[in-house]
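No value in this document is a laboratory result; all are computed from the given coordinates. Note that the structure is a prediction, hence the values are computed from the model and not measured. Glycine also receives a Cβ, built like all others from the backbone with ideal geometry; neighbour counts cover every protein chain displayed.
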Amino acid sequence: MKLAVIIPAAGGSARFNFGSDIPRSKLDEDLGGKPVIQRSIELFNKLDEVCAIIVAGPADPAAFEQFKARHGDRFELLGVTLCAGGKDHRYQTVREALKLVPADSTHIAVHDAARPCTPVELVERMIEAAQRYRAVVPGIEVLDTLKRAREMDRLKDDVDPLARILGDDGASASASRRATIRVAAETVDRSSLFAVQTPQIFEAGLLRRAYEQQDLTSTDDAGVVERLLASEHALEPRVVVVPGDSRNIKITHLADVSMARLILGFSSPREKPAHLRF
């Protein structure tokens, strides 16, 4: 196996920065003296099967230059090839990185840059499965009860206090202050549902063909591959779900950084002596 690894890193950390006055990149957060993105890269750079690692950064030229200035030297030491990603969608970023995958690669893995806690045994499990199946993804069973919800205006009895004083039940003055709430519409059967993680690994030719399709909209690369195999009426298993790992969290919100430190056994930078802080 000759495995090329694509790590999309073009996102703007919008959810991570929600409610914050000082925007920052989640990929730069400190994990034991190294940024998140470096921890994610180091999951792969010493594996014998890996022949290339491509990190796709921001699409905006100025942002890409800043990204390169922050990480370029370190990436070079880790054997990483760096490129600019897509402007609007994740699939655009993966498509740009695919252009740099060596032609002799037999397989391609795509791993979220914000998943630095992936256990080594999960990576090994995925590589082993990829040698038997054309497309493999890690997934964990959904344990929580799932509800499908719908949005509606604030309930009639839940009137703004100011509206009561004005005597119009919120029809005029408080209209702009009405809340939209979500109400449970139905309970979803979770028996066959899995939360899918990364790394996702595919035969190189299969992923390349998948990204030649017109419709690439999907929240992960497996979705793009599934669409291709469905169009080809593939008889073999389309995308095989391999047991994932609950430690393999994706850093999305600020609180996830603390969780990642707990999983990896690292302290917060503020808890370290000054000379050891990142």
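The table that follows gives values for the structure above.
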item: For segment 179-240 and segment 106-155, distance of Cα centres in Å; result: 11
item: Hull volume in cubic angstrom per residue (convex hull over the Cα atoms of segment 108-157); result: 188
item: Sorted by Cβ neighbour density within 10 Å, fewest at the top, the residues 143, 98; result: 143, 98
item: Which of 78, 146, 43 has the fewest Cβ neighbours within 10 Å, and the rest in rising order; result: 146, 78, 43
item: Spherically averaged projected area of segment 1-143 from its Cα convex hull (nm²); result: 10.1
